[in-house]
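Values quoted throughout were computed directly from the atomic coordinates according to the rules given, and no laboratory measurement underlies them. Since the structure is predicted, the reported quantities are computational estimates derived from the model, not experimental observations. Note that each Cβ is placed from the backbone with ideal geometry, even for glycine, and that neighbours are counted across all protein chains shown.
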Amino acid sequence: MRRLLVIVLLIFAAPLGAQDLLPPAPYANRQLDNPALEAKAQALMETLRCLKCQSQSIADSDAPMAGDMRSQVRQRIAAGQDPEAIRGWLVERYGDYVTYAPRMSALTWPLFAAPLGLLALAAVLLRRRFKRVGSA
C-alpha cells in the first residue's frame, strides 16, 4: 500500500519539477542604464497585461513570460523604437487582450457598444414598468 501511495505521489509531483529551466531574458529583471529610456519602458510595461497572470501588468508579474515581454520592451526602447509601435507589435503578436487600453476595431466595437445597448434596454424596460404602475 505504501509503494502505491509513493508512486501516486510521484506521478502527481512530477509536474512541479517541470519549472521553466531557461534563464530569464537579459532585461527581464534588469533596468536600462539610461533613466529616461527606463521611464519610457516602465510606463509602457504598466499598460501591458501579463498573459499568464490575471489582471497583472508585465511590470508587476513574476511569470517567466512577463519577464520575456519586459525584456522585449526594454530592448526595443533601447533600440529607439516608439512605445506605440512596440504596443502595436505586441497586440499583433498576442492580440488585444495584451493591452489594458484596446483600440476600437471591427472586432472590439461590440465590447464598447454593448454597455450602451444594455443601458438603453434597461431604460426602456423601466419606463414601460413605471407607465404600467402609474396607469393602474
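Using Cβ point charges alone (K and R +1, D and E -1), the dipole size of the chain about the Cα centre works out to roughly 1020 debye. What does the C-alpha gyration tensor say about the overall shape of segment 22-102? Classify as rounded when a/c is under 1.5, otherwise prolate if a/b is larger than b/c, or oblate. Verdict is oblate for segment 22-102. For the chain, no complete DSSP H run has alpha carbons reaching 24 Å or more along its own long axis together with a mean Kyte-Doolittle score of 1.0 or higher. Rounded if a/c is under 1.5, else prolate if a/b is larger than b/c, else oblate: which is the chain, with a ≥ b ≥ c the root eigenvalues of its Cα gyration tensor? Taking the square roots of the gyration eigenvalues as a ≥ b ≥ c, the chain is oblate. Label-to-label distance, Leu51 versus Glu92, with points set 7 angstrom from Cα along the beta-carbon direction: 1.5 nm. Among 43-51, 97-105, 121-129, sorting by the average number of other beta carbon atoms lying within 10 angstrom of each residue, highest first, gives 43-51, 97-105, 121-129. Along the axis of the charge dipole computed for the chain (Cβ charges of +1 for Lys and Arg, -1 for Asp and Glu, origin at the Cα centre), the listed residues Leu121, Ala66, Pro35 are led at the positive end by Leu121. Given the options Pro64, Pro35, Pro24, state which has the largest fluctuation in a GNM of the chain using a 10 Å cut-off (strictly under) for Cα springs. So, out of Pro64, Pro35, Pro24, the one fluctuating most is Pro35.
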